[in-house]
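Trainee: Before I ask anything, let me first share the structure, which is written out below as structure tokens.
The values are calculated or read from the model by the stated rules, or taken from the named source; none is laboratory data. The structure presented is a predicted model; accordingly, all values stated were derived computationally and were not measured. In this analysis, Cβ positions are derived from the backbone assuming ideal geometry, glycine residues included, and neighbour counts consider all displayed protein chains.
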Ligand code: FUL
């Protein structure tokens, strides 16, 4: 008979060889849809609807479907251009705020079937989803919750219509990788001819949890985006910039500071997320390659440069978020040559950056290793599933790469094994240059799915990563080194063709202050602004006007308005009136309008004037502003008619 003690002494040596168990996950971890989404990193938005033909950013909902008629539509030119630029997916605005459905929908007559394109037999959702398949990238749908066309908007019935539209999209076009619910909501619109303003309670009106349940059922692998998730969160701006740190986790907090129901997240924290959050809710950076989301002829000269696009990649993907780049087709139904050129330059730079991992062939050593399955070399094997880890109680550690020879690099990429959550809190990097250890990157914080940091260009034969603080034992799957190419083109066209010089102009305002006088609106400096508020005089709300004297009479085509550029929406004008005059006494009929989407995307606005305007004086009146009760304006300008 074998005694227990004999059995134990027989098994003990075997236990030493038994595989060390993997670390337990820490707090919020990604679900399968999020894991698949993390693989994509960059994908494209295609904003395309009647706005492409009206020149608007937000259609009112009364656009005649007859205007939607691209002259030379080519889905493969569009999707192929995006795929070549490295985009792993494409999201089409199947319906934007104006309510025009880009597919024949049973829910409305305000759709593509009412347009002359393909004699009403066309279906843009089909075109894009099939082109995506042919080009080997994923397809996603954007369906605006706000519908300025629907007579039912604001009632329960509309929420049913919205769900039905989603059902049509999710049942009819194969698998989708994401469903995009825009956060811009409620306001004035056509609403089936009733015209007027409809406000809804964004947190309760749509009953999101029910809609999400439906999406999960129809498309279980789609990552659901909205300002508040549940899978992907808005990064909080439309400039393509995630914060750093940028935590992939979030802890929803209710208005009273206590725990919140799902979906009630503090929106403004999208940029950084919540350290140690209980929910994996990763960030997405949506940004347009042009100032607006839709194609406008006059923005052909304002397409981002390859260098600028590369910067956006670093600030989004490089901070663990994703890069959702909008590339809007023009009226032909093609990606314009200017955008194609920018994308080609960007992809060339990206390929050069990732042409060689300069950590390849290095010897890796770690201050601590959990066991043979988690050894330090796992950070070099190009496999995201394998990782280096320390024992559970070790939350500070050092990892060192010794290169076969001195190599020149400027960028480091780190990845955590995110199935186990986000664990690293603080790190630094140093390099060995000619035998001396010197600090390289001092202020590392979040890593997550990936962190790409630009350091100064160095030539070194060893690199040391110090994990200074971790919430649980670190699990790193990648530590790689890269060299950023030099001379990436940065030809951002800043001047508007035809824009008049402001020399010799003068300006008066209905109210001005010493700190922010009206002349700041014509000083050519986007950082200074006119503002009807200061500590001495207090504040004056709209209407407030500013009158320009151009010095002499001119033929005018358009007015330019640049909102304050210091990042706050306070007192940004969103409704205006425009008048002009030859002599400063007799004024034209007023032209009134809104600056759509100026809160999320505070770029230069352009107001086209009717034909044959000749004027020396132009009066701009702010009729409405965001949030505060005063008025601000960074710059005002005009485009001459003959140079348009
Ligand atoms: C915003 C919308 O209002 C814009 O028009 C655009 O679609 C952007 C992606 O989201 O909230």
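Trainee: So which of 153, 205 is assigned to a loop (DSSP other than H, G, I, E, B) and either away from the ligand (no atom under 16 Å from the Cβ) or not assigned by TED's automatic domain parsing to the domain that holds residue 91 (or both)?
Mentor: Residue meeting the stated conditions: 205.
Trainee: How many of the residues making up the stretch 170-202 are at pLDDT 90 or above and assigned to a loop (DSSP other than H, G, I, E, B)?
Mentor: Selection size over the stretch 170-202: 12.
Trainee: For the stretch 427-446, check the following and say yes or no: at least one residue is assigned to a loop (DSSP other than H, G, I, E, B), at pLDDT 95 or above and either surrounded by 15 or more Cβ atoms within 10 Å (Cβ to Cβ) or touching a helix residue (DSSP H, G or I) at 6+ places or on another chain (Cβ under 8 Å) (or both).
Mentor: The answer is yes, given that some residue of the stretch 427-446 is assigned to a loop (DSSP other than H, G, I, E, B), at pLDDT 95 or above and either surrounded by 15 or more Cβ atoms within 10 Å (Cβ to Cβ) or touching a helix residue (DSSP H, G or I) at 6+ places or on another chain (Cβ under 8 Å) (or both).
Trainee: Being crowded, with 21+ Cβ neighbours inside 10 Å, farther than 23 Å from residue 56 by Cα and in contact (Cβ under 8 Å) with a residue 12 or more places away in the chain is true for just one of 137, 91. Which residue is that?
Mentor: Only one candidate passes the filter, namely 137.
Trainee: Quickly run through the stretch 294-303 and pick out the residues that are surrounded by fewer than 24 Cβ atoms within 10 Å (Cβ to Cβ) and either part of a loop (DSSP other than H, G, I, E, B) or touching a helix residue (DSSP H, G or I) at 6+ places or on another chain (Cβ under 6 Å) (or both).
Mentor: Across the stretch 294-303, the qualifying residues are 296, 300.
Rundown of residues vs (1) within 16 Å of the ligand (Cβ to nearest atom); (2) at positive phi; (3) not assigned by TED's automatic domain parsing to the domain that holds residue 285, yes/no style:
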| residue | (1), (2), (3) |
| --- | --- |
| 195 | no, yes, no |
| 214 | no, no, no |
| 224 | yes, no, no |
| 236 | yes, yes, no |
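Trainee: Still on this structure, I have one more. Within the stretch 599-632, which residues are part of a loop (DSSP other than H, G, I, E, B), within 18 Å of residue 57 (Cβ to Cβ) and at pLDDT 95 or above?
Mentor: Passing the criteria: only 626.
Trainee: Among the residues that make up the stretch 186-198, is at least one of them more than 22 Å from residue 293 (Cα to Cα) and in contact with a helix residue (DSSP H, G or I) (Cβ under 8 Å, 6 or more places away or on another chain)?
Mentor: Yes - at least one qualifying residue is present in the stretch 186-198.
Trainee: Now for a separate question. Can you say whether residue 542 is modelled with pLDDT under 95, out of contact with any helix residue (DSSP H, G or I) (no Cβ under 6 Å at 6 or more places or on another chain) and crowded, with 16+ Cβ neighbours inside 10 Å, as far as the supplied structure shows?
Mentor: no
Trainee: Continuing with this model, one more query. Note down all Cβ pairs under 6 Å where the first residue falls in the stretch 55-74 and is not assigned by TED's automatic domain parsing to the domain that holds residue 115 and modelled with pLDDT of 95 or more, the second is within 14 Å of the ligand (Cβ to nearest atom) and part of a loop (DSSP other than H, G, I, E, B), and they're at least six residues apart or on different chains.
Mentor: Close Cβ pairs (under 6 Å, with a partner that is within 14 Å of the ligand (Cβ to nearest atom) and part of a loop (DSSP other than H, G, I, E, B)) do not exist here.
Trainee: Another one. Name, by its number, the condition in (1) within 30 Å of residue 333 (Cα to Cα); (2) in contact with a strand residue (DSSP E or B) (Cβ under 7 Å, 6 or more places away or on another chain) that does not hold for residue 154.
Mentor: Of everything listed in (1) within 30 Å of residue 333 (Cα to Cα); (2) in contact with a strand residue (DSSP E or B) (Cβ under 7 Å, 6 or more places away or on another chain), residue 154 misses just condition (1).
For every residue, the table says whether it meets (1) assigned by TED's automatic domain parsing to the domain that holds residue 232; (2) over 31 Å from the mean Cα position of the chain (by Cα); (3) part of a helix (DSSP H, G or I).
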{"site": "324", "(1), (2), (3)": "yes, no, no"}
{"site": "331", "(1), (2), (3)": "yes, no, no"}
{"site": "339", "(1), (2), (3)": "yes, no, yes"}
{"site": "342", "(1), (2), (3)": "yes, no, yes"}
{"site": "348", "(1), (2), (3)": "yes, no, yes"}
{"site": "368", "(1), (2), (3)": "no, yes, no"}
{"site": "378", "(1), (2), (3)": "no, yes, yes"}
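Trainee: Could you list, in sequence order, the residues of the stretch 216-250 that are part of a strand (DSSP E or B), within 20 Å of residue 169 (Cα to Cα) and out of contact with any strand residue (DSSP E or B) (no Cβ under 6 Å at 6 or more places or on another chain)?
Mentor: Within the stretch 216-250, just 226 meets the criteria.
Trainee: Name the residues in the stretch 594-623 that are free of Cβ contacts under 8 Å to residues at least 40 places away in the same chain and away from the ligand (no atom under 16 Å from the Cβ), would you?
Mentor: Answer for the stretch 594-623, where residues must be free of Cβ contacts under 8 Å to residues at least 40 places away in the same chain and away from the ligand (no atom under 16 Å from the Cβ): 610, 611.
Trainee: So, in the stretch 167-189, of the ones that are away from the ligand (no atom under 16 Å from the Cβ) and surrounded by fewer than 22 Cβ atoms within 10 Å (Cβ to Cβ), which residue ends up nearest to residue 222 (Cα to Cα)?
Mentor: Restricting to residues being away from the ligand (no atom under 16 Å from the Cβ) and surrounded by fewer than 22 Cβ atoms within 10 Å (Cβ to Cβ), the top hit is 175.
Quick grid of which residues meet (1) in a loop (DSSP other than H, G, I, E, B); (2) over 26 Å from the mean Cα position of the chain (by Cα):
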| site | (1), (2) |
| --- | --- |
| 489 | yes, no |
| 542 | yes, yes |
| 545 | no, yes |
| 551 | no, yes |
| 557 | no, yes |
| 560 | no, no |
| 565 | yes, no |
| 569 | yes, no |
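Trainee: Related question: For the stretch 571-587, which residues satisfy the criterion of being under 28 Å from the mean Cα position of the chain (by Cα) and under 21 Å from residue 522 (Cβ atoms)?
Mentor: 571, 572, 573, 576
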